[in-house]
Amino acid sequence: MSAPIPLARPSLGEAEEEAVVAVLRSEQLSLGPRLSEFERLFAEHVRVPHASAVSSGTAGLHLALRAIGVSDGSEVVTSPFSFVASANVALYERARPVFADIDPVTLTLDPAAAAAAVSSRTAAILPVHIFGWPAEMEPLERLGLPIVEDACEALGGRYHDGRIVGSRGHPAVFAFYPNKQITTGEGGMIALANAQLKERIDSERNQGRAPNMDWLDHDRLGFNYRLSDIACAIGIAQLGRLDELLAARRAVADCYREVLAEIEGLQLPCPDTGKVVRGWFVFCVLLPRGIDRDATIRRLREHGVASKPYLPAIHLMSFYRERFGHHPGEFPVCEDVASRSLALPFFPGLSEGQVEQVAAALRTVLGQS
Ligand SMILES: *Cc1c(COP(=O)(O)O)cnc(C)c1O
């Protein structure tokens, strides 16, 4: 069988190649000028005073939680419908992720459920802008607790008030794995307003060193969560192409919306409403209830189309079940969505013909051709 249409593919070209070669020739491969340049350009882009580049989105979430004071025994209210990293980072600090159910349309944290999950031990709320759809921030902000935004899937999105995702000033974490809107291979960025938090994050990503790089003064615990100048140079080149990359993703999403509209019982990603803009990251559909998803994936593969369940419910993963005694039925909306969601091939450069091939395959597999 020939290679199927893949789920994701980075868009890299001459700009990225030249940027990498320039760093190699400069011989300053880490903690060089590309690091601060990437941070400055990113902060400008999301309209916040500061940004700190780190080695992954996960590392960014971890440092952001530490910076706002999540520690041993505290609780972090978050969504069970996310990539597992957003819950794991609480455990890195021996805090407990406390899940709250999601909204069935936007798939983001249900503000009422989040409010009900708050206790005297809650140290932070960690909303996830899942599939690039910004969580409803105002009701979460009214809870008066520190917030860290998982914006790893939401570069280019706009909140309900029309402002760009990352601009609210809470630490908002972005990720640059190769399937994201922009990539640095591996990498992440924390956008934030507070200079003291940035100072702490910059120190802790670099072994707890003082900002002036005093070799001997490690006055706090730190990590190696640095992002190399090679990666930052790729990031700068990608950021320069962001508008083009986002427009290409949007065009593919529009095309999908058109060709999939005819398939009965399929729930498509909710369209932009009011001032909300989705930062397009994946194109996930919800299959009709009663359809065998594994069989659907196998048969799509036979038609030359890659697809995958995306995402599984975090609280039902065996590690979380065993550690916290979670069980099916706790978060019914999340569980229903997680049992039916299917990611289809989605990346800039996916052609109209390929989108039509995906739609035709799905129609056939669902018995609607
Ligand atoms: C990609 C992603 C992350 C971070 O991933 P890394 O691989 O560590 O960069 C975190 N949360 C969500 C929702 C993501 O999609």
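The values are calculated or read from the model by the stated rules, or taken from the named source; none is laboratory data. This structure is a prediction, so every number in the text was calculated from the model and none was measured. In this analysis, Cβ positions are derived from the backbone assuming ideal geometry, glycine residues included, and neighbour counts consider all displayed protein chains.
So here's what we get for this one:
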read-out: Residue under evaluation ILE234, criteria (1) among the β-branched types (Val, Ile, Thr); (2) in contact with a strand residue (DSSP E or B) (Cβ under 8 Å, 6 or more places away or on another chain); (3) under 30 Å from SER52 (Cβ atoms), criterion not met; value: (2)
read-out: Residue identified as in the same structural domain as ALA87 (by TED's automatic domain parsing) and away from the ligand (no atom under 16 Å from the Cβ) among ALA123, ALA135; value: ALA123
read-out: Residue identified as assigned to a helix (DSSP H, G or I), farther than 23 Å from VAL165 by Cβ and of a type in the set (Gly, Ala, Ser) among ALA114, ALA64, ALA90, ALA19; value: ALA19
read-out: Exclusive hit being farther than 20 Å from TYR225 by Cα and hydrophobic (A, V, I, L, M, F, W, C), set LEU155, LEU192; value: LEU155
read-out: Subset tally (residues that are within 15 Å of the ligand (Cβ to nearest atom), in contact with a strand residue (DSSP E or B) (Cβ under 6 Å, 6 or more places away or on another chain) and assigned to a loop (DSSP other than H, G, I, E, B)) for the range 265-302; value: 1
read-out: Residue selected from the range 168-199 under the condition assigned to a helix (DSSP H, G or I) and out of contact with any His (no Cβ under 7 Å at 6 or more places or on another chain), by the criterion nearest to the ligand (Cβ to nearest atom); value: LEU197
read-out: Checking PRO328 against (1) surrounded by 15 or more Cβ atoms within 10 Å (Cβ to Cβ); (2) of a type outside the set (Lys, Arg); (3) more than 30 Å from SER2 (Cα to Cα); (4) over 24 Å from the mean Cα position of the chain (by Cα), the condition it does not meet; value: (1)
read-out: Hits in the range 135-174 (condition: of a type in the set (Val, Ile, Thr) and out of contact with any Gly (no Cβ under 6 Å at 6 or more places or on another chain)); value: ILE147, VAL148, ILE164
read-out: Leading residue by the ranking (surrounded by the most Cβ atoms within 10 Å (Cβ to Cβ)) among those in the range 130-167 that are at negative phi and in a helix (DSSP H, G or I); value: ILE130
read-out: Condition met for LEU12 (surrounded by 14 or more Cβ atoms within 10 Å (Cβ to Cβ), more than 16 Å from the ligand (Cβ to nearest atom) and not in a helix (DSSP H, G or I)); value: yes
read-out: Residue within the range 333-353 that is touching a strand residue (DSSP E or B) at 6+ places or on another chain (Cβ under 9 Å), farther than 25 Å from ARG250 by Cβ and surrounded by 21 or more Cβ atoms within 10 Å (Cβ to Cβ) present; value: yes
read-out: Filter result for GLY329 (free of Cβ contacts under 8 Å to residues at least 12 places away in the same chain and assigned to a helix (DSSP H, G or I)); value: no
read-out: Flag if PHE324 is of a type in the set (Phe, Trp, Tyr), farther than 30 Å from LEU245 by Cα and outside the structural domain of ILE102 (by TED's automatic domain parsing); value: yes
read-out: Tally of residues being assigned to a strand (DSSP E or B) and of a type in the set (Val, Ile, Thr) across the range 303-320; value: 1
read-out: Selected residue (only one of SER56, SER36, SER30, SER74 is of a type outside the set (D, E, K, R), touching a helix residue (DSSP H, G or I) at 6+ places or on another chain (Cβ under 9 Å) and within 16 Å of the ligand (Cβ to nearest atom)); value: SER56
read-out: All positions within the range 299-327 that are farther than 24 Å from VAL77 by Cβ and out of contact with any helix residue (DSSP H, G or I) (no Cβ under 9 Å at 6 or more places or on another chain); value: ARG301
read-out: Residue identified as away from the ligand (no atom under 15 Å from the Cβ) and not assigned by TED's automatic domain parsing to the domain that holds ASN224 among ILE68, ILE5; value: ILE5
read-out: Answer from PRO104, PRO146 - the residue that is away from the ligand (no atom under 16 Å from the Cβ) and touching a helix residue (DSSP H, G or I) at 6+ places or on another chain (Cβ under 6 Å); value: PRO104
read-out: Whichever residue in the range 303-323 is among the charged types (D, E, K, R) and away from the ligand (no atom under 16 Å from the Cβ) and, among such residues, is surrounded by the fewest Cβ atoms within 10 Å (Cβ to Cβ); value: GLU322
read-out: Residue tally, condition away from the ligand (no atom under 16 Å from the Cβ) and in contact (Cβ under 8 Å) with a residue 60 or more places away in the chain, over the range 39-53; value: 9
